[in-house]
Amino acid sequence: MPASARLMTPDGGNGEVLRASLAYMVAGLLSVLLMGLLGLLMRVDQAGMLVISPVWFYRVMTLHGSGMIASVLLAAIGGIAAAVSSTTRLSARALWIALVIYLMGNGFVVLATLVGGFAGGWTVLYPLPEHGLIWSLGSALAMYAGYLFVALGLLLFCVHLLIALARSHGGLTKALAWRYLFSFGRDTRDALPRPVELIAAVIAIDGIAAATAGAIYLVPLFAQATHLVTSVDALFAKNFVLLFGHTMGNLSIYVTAGLVYAALPAYTKRAWPMTWPVAAAWNLIIPLMLLNYSHHLYADFAQPLTLQLLGEIGSYAVALPSFIVTIIGALALMYRSGMRWGSASIFFALGLWGWVFGGMGALLDSTIPVNQVMHNTLWVAAHFHTYFVLGALAFALAYLTYVVEMLSPLAARRGSDAAAWLYGVGGAGFVLVFFISGANSIPRRFAVHLPQWQPYARIAVAFVVLIALSLAWISWDLGTRMRSAWRATQLPSGES
Amino acid sequence: MSPHVVFVTLIVLGAVWTACWAFVLVRSRYPLPFEQLERSETTIRLVLLGGLAIVSIVLFAVTIRWLPFPNTRIARVGAPQIVVRAVGMQWSWEISRRELPAGIPIAFAVGSRDVNHDFAIYDPGGRLLAQVQAMPGYTNHLVYVFPRAGEYTVRCLEYCGLGHHTMSVRIIVSDR
Amino acid sequence: MIADGGAAVELHGFVWEWEWELPLLIALLAVEGGYFAVRAWSARRGRERDRSRSALAYFTAGILVVAFAVVSPIGANDERLLSMHMLEHDLLMWVAAPLMVLGVMPLLAKADWMPALARRSVILVTRPATAVTIATVFVWAWHAPSAYGLALTNDAAHAVEHLCYLVAYFIYWWPLIAAPSVIGGLRSNAARAGYLIAGSLQSGLLAALLAFADEPWYPHYLHVPGATAASALADQGLAGALMLYPGAIVFLFAAVLTIRTRERER
């Protein structure tokens, strides 16, 4: 196997980094399971099957949204740390500290919603947190504190990653392969980074941007809540909360796309080296990922027209590098490859399907006239659930499976392939119901669904149960192999 | 723009994609050295890049004409003859006029007394027709022409707290 | 300033409200003396510690913080305002306790001078799960309305309460501050991270329950002169916030300070 395809360095030097990465991935995925149960509760309530009070529905909804975004991203960044660690020296200390801070942020959010009763939605769209007739200002502040800690943890992770990559390649521009890029592939004097390393640099930059946007957003909110300023402009607030949160959510799919570059070659037995299209596409994603958040503001007519159009252009544009380079590239890698099929490769395949299908739904909704009749319906929920369930999460599960396979001597259980396909079926059905619901103009974020809407949610519940069964099996399979995988990262002498 | 048309578009495109995806998966069982595929891969990439870029540009150009913002709408349907003030608040709508005629441009001046809401017009069959956000500190104008008579429902489509799902109001549209 | 209504504390007068508690100060002096004695004893057994002077400084600082917490206007007002009582406890748990751990740690670097029973008890008590459990149980138990109320009316019980917080967090911080070569020290960063998460979770949960409670937990504060139900509840919310946010910052700093790079472990 080529050096770049190894997970551990020969001297085991990145063992502790791998352990930290495993902690990120396991913590993230366990949290996803818990948040998923909350999601199931939401659909069950909307189906009229087990009705909870609107107060609790909106609290659960708030926790589910923020928790899922944070958890999937956590698993994803853990994966990318593992993926680059064999060729880039990372600091386990920085990773552990960032993890503690990030998880404390999650803790704050759980406390704010479940104990404090905050139900302002994950978007904490100003001025709603201040107008909580069912929650106190204190719980809104706890929510902001949670976001601040998560942003801080993410910032620490991304800054550390970027510095490590720059050090490892002799400068940031070399980590981004700029000389190679701007010479159209002719100048190869610099050692080229592995695709996953370049991707790591890209997402680190955008992660820093997202975390910074979060700080910019939260500081005036804190100031307003403590009456240091009288009010915050609603349009400014919406732009920044989405620049923060939407980018964080969006980041997950790009981080996990990096994992595809890192691990898919092991199954297709074909290398996926750095090429000019890869360098070009991923460098383009740095600005493009930050542009498209404003497709959530089309209905805010007060938004300047330039930003509205930039949102549409940005949304269309960002699809091109991802599709042409990453997705076609992955398909080409698989095509007639004699690929080794297992739950990891199945999850990679499912993720590719979902990324494109969800992307189609997103592109349609990013078209302003279409958005008029789909904004804030379940169509929106459909597109991002597809990106997560059958995109980022599928890729993250695939990568964790890959890591466990590489480290643990124990083989996968026999039902894992079937469980992975079941996940695909469950996921596809689940998101299709959302798309159909959106096509029928069913609004999103309604605690109570009209009788004519409930049958759709009932069908969705059935598919969620399939997802749950699949994930239960996969979790059990991976869980029983986790200890041996963990041990394999330690040096033979027993030192850690 | 009908949501159902959008959905059918998604399904058609999705089916094409799924077929290609399934094809790749199935064919993975018949190995071929990668070098033999590289040229066709590059060709496919360039063709798709060109095609998608053209489609995107055309789509973008077309959509400009159909923007829902007041200026573009007025240019298409004519100046509004009736102005209706709508103010959202937790958790109800205050509308200055609930009986409106079909077939002529109406401007809804939408504002909010407290938090963000969304003024969304649903037709009698439950289909979403048009919407605009109600933002505190701003008045947004939605210009709309009701296609036919009937009982339309305005729902709040921006999460605004405990009573978000209860915020709706009826508009009776009659023929002139 | 501190709470709404009649129980508001005016800063000007507040600063002068010190309560000199002689029995406590004597006890603290005795503890400091005991520290010197143990230090001398371990030195006689041939353990010259390079860091014994800074250790002494840490330990003494810890003692001074305890004295300050109880004697200053913060502690003097602990029977009047829950928020001040909370601040007093914060100082004990998060400032005094870790300082005292830092002071005691060099004495125990190898601990082969310790009697076997003592050493085994230390090992048992500082096992991560045990240590977190002890800290949790001690703090949560004393927050039960009956226990908390008892401490507010009975001076001896109040002293025991404060001792419990000190001991609970002395035990909690020990595994983090101790180097892996010291008995009870956590050996891996993974363990430290998990340990910090567990500690911050239990602390945060209790703080949140207090901060977001709809009703006052401790009847005592309702009967303080000038207090109303509203002011007592606001004061309680502030107390919860004083445990929640400073606590989070303390755990954040603990993470930064105790999670180590590999080189330093050697």
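The values are calculated or read from the model by the stated rules, or taken from the named source; none is laboratory data. Bear in mind that the values here come from a model prediction, so they are computed numbers and not experimental data. Here the Cβ is made from the backbone with ideal geometry for all residues, glycine too, and neighbour counts use every protein chain on show.
Below is a table of values for the structure above.
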| read-out | value |
| --- | --- |
| Check on A:TYR261, modelled with pLDDT of 95 or more and in contact with an Asp or Glu (Cβ under 8 Å, 6 or more places away or on another chain) | no |
| Any hit, region B:66-79, residues being closer than 26 Å to A:GLY65 by Cα, outside any strand (DSSP E or B), aliphatic (A, V, I, L, M) and within 9 Å of chain A (Cβ to nearest Cβ) | no |
| Those residues of region C:190-240 which are of a type in the set (A, V, I, L, M, F, W, C), touching a residue at least 40 places away in the same chain (Cβ under 8 Å) and more than 20 Å from C:VAL137 (Cβ to Cβ), in sequence order | C:ALA191, C:ALA193, C:VAL224, C:ALA227, C:ALA230, C:ALA232, C:ALA234, C:LEU238, C:ALA239 |
| Subset of region A:97-117 (residues that are closer than 21 Å to A:PHE57 by Cβ, within 9 Å of chain C (Cβ to nearest Cβ), buried (at least 24 other Cβ atoms within 10 Å of the Cβ) and not small (Gly, Ala, Ser)) | A:LEU111 |
| Qualifying residue in region C:206-218 (condition: touching a Pro at 6+ places or on another chain (Cβ under 8 Å) and on the phi < 0 side of the Ramachandran plot) | yes |
| Condition met for A:ALA330 (modelled with pLDDT of 90 or more, within 22 Å of A:ILE205 (Cβ to Cβ), more than 8 Å from chain B (Cβ to nearest Cβ) and surrounded by 22 or more Cβ atoms within 10 Å (Cβ to Cβ)) | no |
| Filtered residue count, region A:207-229, keeping only those that are touching a residue at least 12 places away in the same chain (Cβ under 8 Å), under 26 Å from A:LEU290 (Cα atoms) and surrounded by fewer than 23 Cβ atoms within 10 Å (Cβ to Cβ) | 8 |
| Segments classed as helices (runs of 4 or more DSSP H), wholly inside region A:169-243, with at least 3 members that are within 14 Å of chain B (Cβ to nearest Cβ) and modelled with pLDDT of 95 or more | none |
| Failed item, numbered, when B:GLY103 is tested on (1) out of contact with any Gly (no Cβ under 9 Å at 6 or more places or on another chain); (2) at negative phi | (2) |
| Those residues of region B:1-17 which are assigned to a helix (DSSP H, G or I) and more than 7 Å from chain A (Cβ to nearest Cβ), in sequence order | B:VAL5, B:VAL8, B:ILE11, B:VAL12, B:ALA15, B:VAL16 |
| Criterion (over 19 Å from the mean Cα position of the chain (by Cα), surrounded by fewer than 18 Cβ atoms within 10 Å (Cβ to Cβ) and under 30 Å from A:ILE442 (Cα atoms)) met by exactly one of A:LEU50, A:LEU34 | A:LEU50 |
| Qualifying positions in region B:142-166 - at the interface with chain A (Cβ under 7 Å from one of its Cβ atoms) and part of a strand (DSSP E or B) | B:ARG155 |
| Residue within region A:470-481 that is outside any helix (DSSP H, G or I), surrounded by fewer than 20 Cβ atoms within 10 Å (Cβ to Cβ), modelled with pLDDT of 95 or more and within 28 Å of the chain's Cα centre (by Cα) present | no |
| Helices (runs of 4 or more DSSP H) wholly inside region C:158-266 containing at least 2 residues that are in contact with a helix residue (DSSP H, G or I) (Cβ under 6 Å, 6 or more places away or on another chain) and at the interface with another protein chain (Cβ under 9 Å from one of its Cβ atoms) | C:189-211, C:229-258 |
| First in region A:432-446 and more than 7 Å from A:LEU378 (Cα to Cα), second anywhere and surrounded by fewer than 24 Cβ atoms within 10 Å (Cβ to Cβ) and of a type in the set (Val, Ile, Thr), Cβ under 7 Å, 6 or more apart | A:VAL433/A:ILE459; A:ALA439/B:VAL6 |
| Checklist (1) assigned by TED's automatic domain parsing to the domain that holds B:PRO147; (2) surrounded by 14 or more Cβ atoms within 10 Å (Cβ to Cβ); (3) assigned to a helix (DSSP H, G or I) applied to B:SER56, failing item | (1) |
| Scan of region A:35-70 for residues that are farther than 21 Å from A:ILE467 by Cα and outside any helix (DSSP H, G or I), ordered by number | A:VAL51, A:ILE52, A:SER53 |
| Residue in region B:111-128 that is of a type in the set (Asp, Glu), more than 9 Å from chain A (Cβ to nearest Cβ), surrounded by fewer than 19 Cβ atoms within 10 Å (Cβ to Cβ) and farther than 29 Å from B:VAL6 by Cα present | no |
| Test: A:TYR144 is more than 8 Å from every other protein chain (Cβ to nearest Cβ), hydroxyl-bearing (Ser, Thr, Tyr), assigned to a helix (DSSP H, G or I) and closer than 30 Å to A:ARG6 by Cα | no |
| Test result for A:TYR316, in a helix (DSSP H, G or I), over 21 Å from A:MET68 (Cα atoms) and at the interface with another protein chain (Cβ under 7 Å from one of its Cβ atoms) | yes |
| Positions within region A:156-169 being in contact (Cβ under 8 Å) with a residue 60 or more places away in the chain and of a type in the set (A, V, I, L, M), in sequence order | A:LEU156, A:LEU161, A:ALA164, A:LEU165 |
| Single residue of A:LEU125, A:LEU152 found to be surrounded by fewer than 23 Cβ atoms within 10 Å (Cβ to Cβ), within 16 Å of A:TYR217 (Cβ to Cβ) and within 10 Å of chain C (Cβ to nearest Cβ) | A:LEU152 |
| Answer residue from region A:270-305, given it is within 12 Å of another protein chain (Cβ to nearest Cβ) and among the hydroxyl-bearing types (Ser, Thr, Tyr) and is farthest from A:VAL380 (Cα to Cα) among those | A:THR275 |
| Subset of region B:25-46 [touching a helix residue (DSSP H, G or I) at 6+ places or on another chain (Cβ under 6 Å) and either exposed (fewer than 11 other Cβ atoms within 10 Å of the Cβ) or within 12 Å of A:GLY329 (Cα to Cα) (or both)] | B:GLU41, B:ARG45 |
| Any hit, region C:97-113, residues being at negative phi, in contact with a Phe, Trp or Tyr (Cβ under 6 Å, 6 or more places away or on another chain), at pLDDT 90 or above and of a type in the set (Val, Ile, Thr) | yes |
| Hits in region B:36-63 (condition: more than 8 Å from chain A (Cβ to nearest Cβ) and of a type in the set (A, V, I, L, M)) | B:LEU46, B:VAL47, B:ILE54, B:VAL55, B:ILE57, B:VAL58, B:ALA61, B:VAL62 |
| Single unsatisfied condition, A:ALA234 versus (1) surrounded by fewer than 20 Cβ atoms within 10 Å (Cβ to Cβ); (2) more than 25 Å from A:VAL389 (Cβ to Cβ) | (1) |
